[in-house]
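The values are calculated or read from the model by the stated rules, or taken from the named source; none is laboratory data. Just so you know, these numbers come straight off a predicted model, no measurement behind them. Counting neighbours? That spans all protein chains shown, and the Cβs are built from the backbone with ideal geometry, glycine included. What goes into the accessible areas is simple: the full protein's heavy atoms, side chains included, and nothing from ligands, DNA or RNA. Shrake-Rupley method; radii C 1.70, N 1.55, O 1.52, S 1.80 Å.
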Amino acid sequence: MTKRRPAFGIPISVVLLATPEGWRHSVLTEDGGTLCGRLADVAANTTPAQAQAAVAAMVADLAHDFHGADVDVTWDPPRESGSWTARVTVAPTPRSAGN
């Protein structure tokens, strides 16, 4: 069985936007790709912290499922109302004893 390359690179940043219709996100990947969409299971009146947690979990799941990588999502201070950005970094892997 040949291992296929994932359809997109590891996420490196996220933009989260509050809109009247609900929360929208854009995920930039290391290969220059962008994944955009709406947080379908998150209500429009959800708090920003809850929406951030939901999109961080989504990004972590994508990185794990498609790349076998654990990631950390670090939110930057907001620059404008209704918009948040985060940096995504591959989490350090613990070294096993004796290495």
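When the trypsin sites (Lys or Arg not before Pro) in region 37-99 are filtered for DSSP coil states and for at most 10 other beta-carbon atoms within 10 Å of their beta-carbon, the remaining sites are Arg79, Arg95. Candidates (1) 0.96; (2) 1.12; (3) 1.04; which is the computed Rg/Rh (Cα atoms, Kirkwood Rh)? Matching entry in (1) 0.96; (2) 1.12; (3) 1.04: (3).
Between the helical axis of 48-67 and the longest alpha-carbon principal axis of the chain there is an angle of about 30 degrees. Looking at region 8-63, the accessible area is 49 square angstrom per residue; that uses a 1.4 Å probe and ignores ligands, DNA and RNA. For the chain, with all protein chains present and a 1.4 Å probe, just round the carbon and sulfur fraction of the accessible area to a whole percent. Roughly 53 percent of what the probe reaches on the chain is carbon or sulfur.
For His25, the shell of other residues with beta-carbons less than 15 Å away shows a net charge of -1, using +1 for Lys and Arg and -1 for Asp and Glu. Distance between the modelled labels on Ala69 and Thr34, one decimal in nanometres: 2.0 nm (7 Å Cα→Cβ projection).
For the chain, adding -39500 (n - 2.57) for each run of n ≥ 4 DSSP H residues and dividing by the number of residues yields -7000 deg cm²/dmol at 222 nm.
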